[in-house]
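These notes concern the structure reproduced below.
Derivation of every value follows stated rules applied to the coordinates shown; laboratory data play no part. Keep in mind the model is a prediction, meaning the values are calculated, not measured. Note: ideal-geometry Cβ built from the backbone for every residue, glycine included; neighbour counts use all protein chains shown.
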Amino acid sequence: MTVTAAHAPPDPAVSGRVPSGHVPPTTKPGGGAVRARRWRRLAPYLQAAPLAVTLVLFLLIPILTILVVSFWDYDSVRVIPDFVLTNYAELLTSPVTWKTYLNTLKFAGLTWAITLVIGFTVAYFLAFHVHSTVWQMVLFLVCTIPFWTSNIIRMISWIPFLGRNGLLNSTLIAAGVIDQPLEFLLFSDFSVVLAYVHLNALFMVVPIFNSMMRIDRALVEAARDAGAKGWQVVWNVILPLSKPGIAIGSIFVVTLVMGDFITVRLMSGGQSASIGLMIANEISLLQYPAAAANAVILLAVVLLMVAAMLRVVDIRKEL
Amino acid sequence: MTTGPGAGTTVELVKLTKAYGATVAVNAIDLRIAAGSYCCLLGPSGCGKTSTLRMIAGHEDVSNGDLLIGDRVVNDEPPAARGTAMMFQSYALFPHLDCVDNVAFSLKMKGVPVEERRRKAREMLDLVDMGKYAARLPAQLSGGQQQRVALARALITRPGVLLLDEPLSALDPFLRDRMREELKRLHRELGITFIHVTHSQTEAMALADLVVVMNQGRIEQAGPPRELFNHPHTAFVARFIGGHNVIRSADGLRAVRADRVQLGGGDLRTDATVRALEYHGTSVHLSLDVAGADEFAVIVDEARFYDAPLAIGAPVQIGWNHADAHPLAS
């Protein structure tokens, strides 16, 4: 009905033709009927309009702006509207870029693997070993408590704990486990990954938990009936059926880590870099076109990673 | 199939009890199910029949008493070590595996190489007539087809006892009758013990060698279907298996089969009024108002009824012979 109406002349009363099959021949459409029909045609567009406007204003236009600016030229004081490929050429031929990408991918990979193990374990415990719904909710809320404080504060609070004279080192020295303070604990890749895991583990727990709660408990019994031991049930039944949740969690964690710059800056003490940090530095030097080119490449890389994950796992049934 | 007749195992319940906190679901029941027999646990919902089945399967802990399969006490054995296999009410097929891998699941758990287990699974699918659907996922099958796959998955473990949890209740009436025949055929061919939970007395009568009527966690009566139907011990059994009238008389409760009540005949007679009547083809079912009984049903041969038809509200004299009135324990 709506499809045919969209192709019909805009106003049948004016054009003198009535679209066949829509109006019984005996009733002549009056002005009111035409207006009502026009409203009915417009209604879906009006309903979609707020979201469409929001997306255009706050997503499409900024991205297009970045894309346009990435082809502009710049010097130390100005940004010059132009169409040059130098930003991309410099970016892609610089060994620093490749090293930084490798470093960012390393962080993303490590964080993904660790949050996956933690997320799966926590979600599995909550979903299959906590039998009362009340306790499930309580423990689930406990998982979210760290999220009641800001990311920055959560990161900074690691510093007095992990520092050279921090809580952990002094405790270990006092206990006689080590003689010298452990240097790798803070301002290192270790502390960066630790902070990433701390910040992002919940994004893995929640979707996996959600997937697991949808698994029919009779399947676990059926597996046990067929002779599956505890880990065989997990590997052959629960893991495959949690895949959509794992995929959603992985998308969260990977995109968050790929785009991050503040964690790397704070936790590595300036000794490590990420693409996000590289972009932030370029912006602080007012090299907007270079930053824009970098952002476009990063966006493309992250989109490719997400596309790859979606190819492996079908997440549609979770949405 | 190498599992020939006689491969079944006996199942014995000794004072078997299941309690959930203060609620007793199964109350110290004793039962012996002979090897290779078809046993139906029959009762209304909440009577403890499913808990009993799940204890036999090992999916529910035994609170008290003993459970013997073969000559071993298996109270604490895991399901797979009991020689039982269960077919779940919702079938519980693994949604991420196709039919072959669903059926081959238990072999995979045992570490059987992939080619061998797939070949055996295909044989098993052929047995339940599902060979041509081998590559389908459960979501691509109808309820009846899923059930056949679930059956194949249970049978591939070569169980001595097959446990069926309301296997026919999710099917439409036509399929239900066909699956019933199919279960009977499989039971005959495999010779293993079947324990089948149902709330349908028709199903139990049609299938079982041993019908166990349960009520409120206890066994009301256990026996072959004919014995149950002709000699119900309690009013509950007489009412639950249907086709009986329970009458209060001077010397206690009596059960009289609805098809043994005569219109205008019999040793013992009483007056009644016709409340409703239904034509069932071969017979006519009358509901009567009778003093001393809440409900009273009479089944009359169709031709006999229409020789002297009765209308609703008509008075009628009914009667039965002494031999047809069975005393009941109250």
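A few remarks follow.
- Counted charge near A:Ala127, where neighbours are those whose Cβ lies closer than 11 Å (Asp, Glu -1; Lys, Arg +1): +2
- Mean separation of Cα pairs under 8 Å and 6 or more residues apart, divided by the residue count, gives chain B a relative contact order of 18 percent.
- Relative exposure of A:Val96, B:Val149, A:Val69, judged by other C-beta atoms within 10 Å (fewest first): A:Val96, A:Val69, B:Val149
- Cα gyration tensor shape for region A:96-318, rounded if a/c is under 1.5, else prolate or oblate: oblate
- Two-decimal log10 I(q)/I(0) for region A:255-319, as the Debye equation yields it once each C-alpha is a single scatterer, q = 0.13, 0.17, 0.25 Å⁻¹: -0.46, -0.68, -1.03
- Shape call, region B:70-159: gyration tensor on alpha carbons, a/c limit 1.5: prolate
- Spin-label proximity, B:Arg72 to region A:206-236 - amide N less than 12 Å from point 7 Å beyond Cα toward beta carbon: none
- Ordered by the number of other Cβ atoms lying within 10 Å of each residue's own Cβ, fewest first, A:Phe120, B:Phe105 fall into the sequence A:Phe120, B:Phe105.
- The helix-based estimate of mean residue ellipticity at 222 nm for the protein assembly as shown, built from -39,500 (n - 2.57) per DSSP H run of four or more residues and divided by its residue count, is -14500 deg cm²/dmol to the nearest 500.
- Screening chain A for whole DSSP H helices of 18 Å or more along their axis (Cα) with average Kyte-Doolittle hydropathy at least 0.5 returns A:95-124, A:189-213, A:239-259, A:288-312.
- Percent of beta bridges antiparallel (DSSP, chain B, rounded to nearest 5): 70
- Its Cα centre serving as origin, chain A has a Cβ charge dipole (Lys and Arg +1, Asp and Glu -1) of approximately 1500 debye.
- Helix axis angle, B:114-127 relative to chain B longest principal axis, alpha carbon, degrees: 20
- When A:Ser188, B:Ser249 are arranged by Cβ crowding within 10 Å, least crowded first, meaning fewest neighbours, the order is B:Ser249, A:Ser188.
- The protein assembly as shown: Lys pairs at Cα distance under 13 angstrom, eight or more positions apart or on different chains: 5
- Charged neighbours of B:Phe240, selected by a Cβ distance under 14 Å, balance to 0 (K, R count +1; D, E count -1).
- A:Leu303 versus B:Glu115: modelled label distance in nm, points set 7 Å from Cα along the beta carbon direction: 4.7
- Debye, to nearest 20: dipole size of the protein assembly as shown, +1 on Lys, Arg Cβ, -1 on Asp, Glu Cβ: 1220
- Using C-alpha pairs under 8 Å with a sequence gap of at least 6, the mean separation divided by the residue count of region B:1-72 gives a relative contact order of 41 percent.
- Considering only the protein assembly as shown, percent of DSSP beta bridges that pair antiparallel, nearest 5: 75
- Think of region A:96-318 as a dipole: +1 on every Lys or Arg Cβ, -1 on every Asp or Glu Cβ, centred on the Cα centre; then among A:Thr100, A:Leu199, A:Met305, A:Met305 lies furthest on the positive end.
- Chain B: C-alpha gyration tensor shape, a/c 1.5 cut-off, then a/b vs b/c: prolate
- Local net charge near B:Leu16, Cβ-Cβ under 10 Å (Lys/Arg +1, Asp/Glu -1): -1
- Cα centroid separation, region B:127-172 to region A:79-103 (Å): 60
- Relative contact order of region A:100-182: 11 percent, from C-alpha pairs under 8 Å at least 6 residues apart in sequence.
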